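Below is one structure; the comments refer to it alone.
The values are calculated or read from the model by the stated rules, or taken from the named source; none is laboratory data. The shown structure was predicted, so the numbers you read here are calculated from the model rather than taken from an experiment. In this analysis, Cβ positions are derived from the backbone assuming ideal geometry, glycine residues included, and neighbour counts consider all displayed protein chains. All accessible areas refer to the heavy atoms of the entire protein, side chains included, with ligands and DNA or RNA removed. Shrake-Rupley method; radii C 1.70, N 1.55, O 1.52, S 1.80 Å.
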Amino acid sequence: MSKKTYKWGIIGCGDVTEVKSGPAYQKVTGFELVAVMRRTIEKAEDYAKRHDVARFFGNADDLINDPEIDAVYIATPPDSHLEYALKIAKADKICCIEKPMAPSYAECQKIVEAFKGKEDSLFVAYYRRSLPRFNKVKALLENNEIGKIRHINWHLTRTPKPIDLTTDYNWRTDKSIAYGGYFDDLASHGLDLFIYLLGNIIEAKGIAVNQQGLYTSKDAIVGSWLHESGVTGTGSWNFGAEKVEDHIEITGSQGKIAFSMFKNEPIILKKGANEQHFEIAHPENIQLYHVEAMKSQLVSGISHPSSGVSAMHTSWVMDKILDRC
């Protein structure tokens, strides 16, 4: 699949593409962002002008079928991912899908099946697998810094967002799009990372409820799981708490590693009375290393850490915790 320059288009040039992802496709050598699409074409035009993108569309089919475009990044809400991914697969183009891959494991299976035989053309934006901060955690584990890994626990709480306290529509809390609410959007990052750090999960279960009654999605979830390595895991995610808390702790036979999924806090290695702190900043465009890794796979054959198959497995775990399969 190696070629000099891969020309990308973005479907859904909304907030996530402003800083987190869009500019990365312009900064990586060998990639070029040539077109964007949004259903409100005036917004697509505005994005194109501000980001120096040559073309803009109001229809996704026009972007997907543009002969100049080699690859498409889907950055729309998850309920449209399957529709667009199937069209991109049919057009025989490279595809990167924003996380979560789809609203359910069943839809993820359909996407992976559509790319059967061309799996190297399907990526999912679980970009934490590519970030130096979390790869430092992986290196500490692989170097046996805490001995035999026993357990991982994640505690995440958030206060209600201002939009949750109004009647304004928010797709992130619409159960028809995001059954788990903010769990789908946020916990997917962590569960996917834990699989990357500790191996696939073979058992998972949980309880999901709506405690606040502010929206239709779930807002309080607890879960437990078992990695194929024998490492156990537990998590609690509550989006109606007093304050923001984000604590992850990996327990080993000889120490612990503590870090945060979303906060800019140091990684802490604890061994007896000794502690080491590692401060590793994220890049300005947080998907930069993820996009660079896609280029490395396409050009050099170096496997990207976040594939369609790995993202599908993460969706299976999420559905298990939400008791959906």
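Just the accessible area per residue of the chain, please: how many Å² with a 1.4 Å probe?
Here the residues of the chain average 44 Å² of exposed surface.
Could you let me know the centre-to-centre spacing of the range 100-160 and the range 1-34, using Cα atoms, in angstrom?
21
Karplus couplings for the range 120-134 from phi (6.51 cos²θ - 1.76 cosθ + 1.60, θ = phi - 60°), rounded to Hz, Gly and Pro as x?
Result, ordered by residue: 5, 9, 10, 10, 10, 7, 7, 6, 5, 5, 9, 7, x, 4, 7 Hz.
When DSSP beta bridges are limited to those with both residues in the chain, what percentage is antiparallel, rounded to the nearest 5?
Restricted to the chain, the bridges split so that about 55 percent are antiparallel.
How many nm is it between the label spots at I302 and K138, if each spot is 7 Å from the Cα in line with the beta carbon?
It is 1.2 nm.
Round to the nearest 10 and report in Å² the accessible area of M312, as given by a 1.4 Å probe over the protein chains' heavy atoms.
30
Near the amide H of K99, under 5 Å away, which other amide H atoms are found, from residues 5 or more places off or on another chain, if H is placed in the peptide plane?
A125
Label points 7 Å out from Cα along the Cβ direction at I268 and T167: separation in nm?
Distance between label points: 4.6 nm.
Hey, got a sec? Which GluC sites (Glu not before Pro) in the range 249-290 land in a DSSP loop and have at most 15 other Cβ atoms within 10 Å?
E279, E284
Rank these by accessible area, largest first, 1.4 Å probe: R158, R133.
Putting R158, R133 in descending order of accessible area: R158, R133.
What size of dipole, in debye to the nearest 20, comes out for the range 1-157 about its Cα centre when the only charges are +1 on Lys and Arg C-beta atoms and -1 on Asp and Glu C-beta atoms?
That gives the range 1-157 a dipole magnitude of about 680 debye.
Leaving out ligands, DNA and RNA, what percent of the accessible area of the chain is carbon and sulfur, probe 1.4 Å? Mind showing how you got there, number by number?
On the way: 6870 of 14360 Å².
Answer for the chain is 48 percent, counting heavy atoms of protein chains only.
Which of the chymotrypsin sites (Phe, Trp or Tyr not before Pro) found in the range 248-297 are loop residues per DSSP with 13 or fewer other Cβ atoms within 10 Å of their Cβ?
Answer in residue order: F262.
Taking Cα pairs under 8 Å and at least six residues apart, what relative contact order does the range 103-206 come out at, in percent?
27
Out of all DSSP beta bridges with both ends in the range 196-244, state the antiparallel percent to the nearest 5.
100
When the dipole is taken about the Cα centre of the chain, and only Lys, Arg (+1) and Asp, Glu (-1) are charged at their Cβ, what size is it in debye, to the nearest 20?
600
Between E228 and D174, how high is the FRET efficiency from 1/(1 + (r/R0)^6) when r is the Cβ-Cβ distance and R₀ = 35 Å? Nearest 0.05.
My answer for the efficiency is 0.55.
Can you compute the charge dipole magnitude of the range 1-67 about its Cα centre, using +1 on each Lys and Arg Cβ and -1 on each Asp and Glu Cβ, nothing else charged? Give it in debye, rounded to the nearest 20.
It works out to roughly 260 debye.
Ordering C325, C96 by accessible area with a probe of 1.4 Å, largest first, what comes out?
Most to least solvent-accessible, the answer reads C325, C96.
So for W171, W154, what's the accessible-area order with a 1.4 Å probe, most first?
Output order, biggest surface exposure first: W171, W154.
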